[in-house]
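To start, the structure under review is shown below, and the notes come after it.
The values are calculated or read from the model by the stated rules, or taken from the named source; none is laboratory data. None of the values given here were measured: they were computed from a predicted structure. Cβ coordinates were reconstructed from backbone atoms using ideal geometry, including for glycine residues, and neighbour counts include every protein chain displayed. For the accessible areas, the whole protein counts, side chains as well, though only heavy atoms, and no ligand, DNA or RNA atoms are used. Shrake-Rupley method; radii C 1.70, N 1.55, O 1.52, S 1.80 Å.
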Amino acid sequence: MAFQCQRDSYLQELDTCVVSCVPAELTLENNGKKEKLKGFNLKLKDTILFPEGGGQPDDHGTVGGVNVLRVLRQGPEAVHFISSALEEGQEVHIKLDWERRFDHMQQHSSQHLITALADTMFGYKTTSWDLGRQRSSIELDTATVKPGEMEALEAAVNEKIRAHIPVAVNLLSIDDPAVEKVRSRGLPDDHAGPIRIVDIEGVDANMCCGTHVSNLSHLQVIKILGTEKGKKNKTNLIFLAGNRVLKYAEKSYNIEKSLTALLKTGADEHVDAVDKLQKTVKRLQKSNLIILREMAVLIAQNFKNKPDRGNFFSFHNKDGDNEFMNIIANEIGFQDTVIFLTVGEEKGAGLFLLAGPENIVTEVGPRVSELLQGKGAGKTGRYQGKANSLVKRAEAEALLKEIRNEQQF
């Protein structure tokens with residue numbers, strides 16, 4: 001069957017009734033972690049909420065005031081996952097998240113248009129596409145594109161938008177001869193009912209289940225951002241359409257304003273200004289490394305020159321790296337001296353190095369690492385690693401002094 005969302009993609013509200021509502025579980029991904037939610041699978045007499053399919057994500061909205069978390073297609077039916085139950089036979093009102101829907105319509109219809117013209121103009125077939133949250137991509141069956149082709153394609157699709165070309169949806173029976181003439185990547189195995197054809201007048205006829213604009217003018221504009229190397233001799237075409245182009249322009253302008261204020265140059269000079277800054281930073285980093293190495297030698301020599309230096313040395317510096325600490329340890333010598341070095345923020349993350357007699361280092365190294373909430377490893381009198389927190393540095397130092405005194409070396 002065709003749902004109401006497929007018959008009228010612009011309908012934003014609908015009254016219908018509950019066919020069934022049964023307990024169910026849904027697995028959602030949140031920040032890379034999967035979590036299971038308990039709820040209900042809801043089937044309605046009809047729906048304006050599009051179920052995920054054809055490369056298009058599902059719609060969001062409410063049914064009877066209850067948020068719909070997912071809509072999936074099962075054969076001829078749409079299954080809505082909701083958090084609380086509704087009664088079978090209950091009359092309900094559906095409200096659609098129109099901003100999300102219209103965005104999907106703009107991106108999906110744009111994909112059809114780009115796909116059609118990429119084929120007719122250059123013979124590049126579309127093998128798949130992805131409607132992303134921020135930008136969308138079309139996988140073209142070509143290893144490379146020639147210079148100027150994407151610019152010509154962008155000009156052509158926007159010319160079609162300005163031409164105000166209508167887009168129609170036709171339903172055909174599966175045995176209709178006209179089905180053989182339309183572009184298609186095949187039907188899903190569980191397809192049921194008539195074949196749905198999205199027809200951009202005089203441009204393209206394509207088998208598709210998704211929601212689309214009724215006229216290319218509703219796309220507003222298409223921006224082809226460029227291409228990227230795809231998999232197995234494919235090329236990915238990256239594009240934005242409609243309101244996404246406006247948001248992208250606004251975001252780009254705000255970034256440009258911020259960079260102009262920071263760099264004290266006009267927009268045309270931003271790249272050169274950043275390039276000069278990066279080169280300056282590299283020079284300063286190189287100079288800083290040289291200074292730190294010289295500083296490490298002086299720190300070690302200062303300790304060695306003390307008549308009452310003892311056999312324990314502890315030092316912390318905000319700046320530095322593993323090389324800085326190892327220079328100090330090597331200059332002092334750690335056969336008869338316990339050396340405890342750290343670099344980083346005093347109460348933040350950093351690096352640590354413990355050097356000294358092998359028996360002491362082997363025994364205390366893991367305990368020091370634990371106090372600093374870090375991970376380390378070592379051999380032959382050295383134990384070093386990353387510290388997630390240097391807050392307990394003083395405790396680690398006290399522990400080392402205690403062990404040193406016990407060993408009486």
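Suppose we keep only residues that are outside any helix (DSSP H, G or I) and touching a Leu at 6+ places or on another chain (Cβ under 9 Å) within segment 116-128. Which one would you say is farthest from Glu154 (Cα to Cα)? Here the answer is Thr127. The residue of segment 127-144 that is farthest from the chain's Cα centre (by Cα), among those that are in contact (Cβ under 8 Å) with a residue 24 or more places away in the chain and open to solvent by less than 40 Å² (accessible area, probe 1.4 Å), is Thr142. Taken over segment 263-298, the criterion of being hydroxyl-bearing (Ser, Thr, Tyr) and either surrounded by 13 or more Cβ atoms within 10 Å (Cβ to Cβ) or touching a residue at least 60 places away in the same chain (Cβ under 8 Å) (or both) is satisfied by Thr265 alone. Residue pairs whose Cβ atoms lie under 9 Å apart, separated by 6 or more positions or on different chains, with the first residue in segment 211-239 and on the phi > 0 side of the Ramachandran plot and in contact (Cβ under 8 Å) with a residue 40 or more places away in the chain and the second open to solvent by less than 50 Å² (accessible area, probe 1.4 Å) and among the polar types (S, T, N, Q), are Gln220/Gln106; Asn233/Thr142.
Restricted to strands (runs of 3 or more DSSP E) entirely inside segment 310-409, those with at least 3 residues that are of a type outside the set (Gly, Ala, Ser) are 312-317, 338-344, 350-355, 382-387. Look at segment 52-68: where a residue is assigned by the TED database to the domain that holds Cys21 and at pLDDT below 95 and a partner is of a type in the set (D, E, K, R) and in a loop (DSSP other than H, G, I, E, B), sitting 6+ places away or on another chain with Cβ atoms under 7 Å, you get Glu52/Asp58.
Only one entry in Leu113, Leu86, Leu69 is touching a helix residue (DSSP H, G or I) at 6+ places or on another chain (Cβ under 8 Å) and either within 28 Å of Ile195 (Cα to Cα) or not in a strand (DSSP E or B) (or both), namely Leu113.
For (1) closer than 21 Å to Ile224 by Cα; (2) open to solvent by 60 Å² or more (accessible area, probe 1.4 Å); (3) not hydroxyl-bearing (Ser, Thr, Tyr), each residue gets a yes or a no:
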| residue | (1), (2), (3) |
| --- | --- |
| Ala78 | no, no, yes |
| His104 | yes, no, yes |
| Gln107 | yes, no, yes |
| Ser110 | yes, no, no |
| Thr115 | yes, no, no |
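Which members of segment 18-54 meet the condition of being under 25 Å from Arg133 (Cα atoms), open to solvent by 40 Å² or more (accessible area, probe 1.4 Å) and assigned to a loop (DSSP other than H, G, I, E, B)? Of everything in segment 18-54, those that are under 25 Å from Arg133 (Cα atoms), open to solvent by 40 Å² or more (accessible area, probe 1.4 Å) and assigned to a loop (DSSP other than H, G, I, E, B) turn out to be Asn31, Gly32, Gly54.
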